[in-house]
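S.K.: One structure is given below, represented as structure tokens, and several questions about it will come after.
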Amino acid sequence: MGPERGLEQSGTLERGLAVLEHVGRHQEISTNAIARQLGLSRSAAYRIVGTLKNLEYLEADQVTGRVRLGTRLVELGARAMAATDLHRCAPRYLASLAERSGETTYLAVPDNDTMVYVATERSASAVTLACRLGTRRPQHATSLGKAWLAALPEPDRAERVRRMKLDSLTLKTIIDPYRLLDELAKTSRRGWAVDEVENEPDVGCVAAAVRDHSGRPIAAISIAGPAPRVLRRLDELGASVAGTAAALSLRLGYVRGQRS
């Protein structure tokens, strides 16, 4: 029976994944054939297939009843490919942006209510900043987080802000949810976010969201540096970071106007 030996005694997750992989190899297959070929009882196979269909990981042909991989798996696969492309392509965009701005640039991805810094580039004239790769910062207090939040559909954005814990990190941190929502609406219209010494003392940042092929925001890129240098160039640096984010989004397959 090969690698499927003993599958009937395996856990639910293992059996579900085995069924998905088996369907993927056969493209379309009946539930009875799945049971027979994987050594599952018919009741177990029908139960697993039924659950996977309800979750849209499998779908059934209306005529033959055979099952194939569903839209949810296609979506997950596309997201995985976008994430891979993001990490492969981003460094050259960050490097170009750092060179043009004369500051430090960052790429961060969302994780719950934080942004995780995953890549960075510095220009020759940039001041060394304390933020290291792997560092997490709250979304409400960073230009990266505000750029990502502002790129969400408005109902999702409002729901997130309502449940977020808005801790104060500096005297400038926005901790009122209504004020934050107003700031995010302004960011959405403008196309880039600003951190006016809201996360770290003496540090200013501008950021813009990066979208995948579906228009879903998956990351953000920023320009960061000493507050006096960055904040007096807001319009210039904001336009620059927004242009770079748009170029990277286009590289990931996003066409402006396609929003999730």
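The values are calculated or read from the model by the stated rules, or taken from the named source; none is laboratory data. All figures in this text were calculated on a predicted structure; none of them were measured in a lab. Cβ placement follows ideal geometry from the backbone for every residue including glycine, while neighbour counts extend to all protein chains displayed. Ligands, DNA and RNA are excluded from the accessible area calculation, which covers all protein heavy atoms including side chains. Shrake-Rupley method; radii C 1.70, N 1.55, O 1.52, S 1.80 Å.
S.K.: Which entry in (1) -0.22, -0.69; (2) -0.30, -0.74; (3) -0.35, -0.75 matches log10 I(q)/I(0) by the Debye sum over Cα atoms at q = 0.07, 0.12 Å⁻¹ derived from the coordinates of this structure?
M.R.: Read-out taken from this structure: (3).
S.K.: Mind checking which helices in the chain clear 24 Å along their axis (Cα) and have mean Kyte-Doolittle hydropathy of 0.0 or more, DSSP H runs only? Before the final figure, lay out each step's value.
M.R.: Values: long enough: 71-101 (41 Å, -0.07); 234-251 (25 Å, 0.77).
For the chain, where a helix must reach 24 Å along its axis and average at least 0.0, the hits are 234-251.
S.K.: Could I ask something else about it? Explain nothing, just the number: dipole magnitude of the range 146-260 about its Cα centre with +1 on each Lys and Arg Cβ and -1 on each Asp and Glu Cβ, in debye rounded to the nearest 20.
M.R.: Numbers: 19 positive and 15 negative charges, 80 e Å.
Value, rounded to 20: 380 debye.
S.K.: Going toward the positive end of the dipole of the chain, with +1 on Lys and Arg Cβ and -1 on Asp and Glu Cβ, which of 184, 153, 45 do you reach last?
M.R.: After comparing all options, I get 45.
S.K.: Given 193, 16, 171, which one lies farthest toward the positive end of the charge dipole of the chain, if we put +1 on the Cβ of every Lys and Arg and -1 on the Cβ of every Asp and Glu?
M.R.: Going by the charge dipole, the pick is 16.
S.K.: Follow-up question, since we're still on this one. Going 7 Å from the Cα of residue 156 along its beta-carbon direction, which residues of the range 200-236 have the amide nitrogen within less than 11 Å of the resulting point?
M.R.: 212, 214-219
S.K.: Also, I was wondering about something else. State to the nearest 20 debye the size of the charge dipole of the chain about its Cα centre, where the only charges are +1 on K and R beta carbons and -1 on D and E beta carbons. All intermediate terms of the calculation are to be shown ahead of the outcome.
M.R.: Working: 37 positive and 30 negative charges, 74 e Å.
So the dipole magnitude of the chain works out to roughly 360 debye.
S.K.: At most 16 other Cβ atoms within 10 Å plus a DSSP loop assignment makes a site exposed; report the longest stretch of the chain without any exposed GluC sites (Glu not before Pro). Don't jump to the answer; show the numbers that get you there.
M.R.: Working: sites that count: 28, 56.
Value returned for the longest uninterrupted segment is 57-260.
S.K.: Suppose a student asked you for the relative contact order of the chain, using Cα pairs under 8 Å spaced at least 6 residues apart; what percent would you report?
M.R.: Numbers: 463 pairs, mean separation 37.2, N = 260.
14 percent.
S.K.: Give me the percent of accessible area attributable to carbon and sulfur for the chain, probe 1.4 angstrom.
M.R.: Numbers: 6990 of 13460 Å².
Here it works out to 52 percent.
S.K.: Given an 8 Å cut-off on Cα distances and at least 6 residues of separation, report the relative contact order of the range 94-190 as a percent. Working shown, then result.
M.R.: Values: 126 pairs, mean separation 19.7, N = 97.
Averaging sequence separation for qualifying contacts and normalising by length gives 20 percent for the range 94-190.
S.K.: On the full set of protein chains, 1.4 Å probe, figure out the accessible area of residue 175 and give it in Å² to the nearest 10.
M.R.: For residue 175, the solvent-accessible surface is approximately 90 Å².
S.K.: Measuring with a 1.4 Å probe in the full set of protein chains, what accessible area per residue, in whole Å², belongs to the range 141-260?
M.R.: Working: 5510 Å² over 120 residues.
Here the residues of the range 141-260 average 46 Å² of exposed surface.
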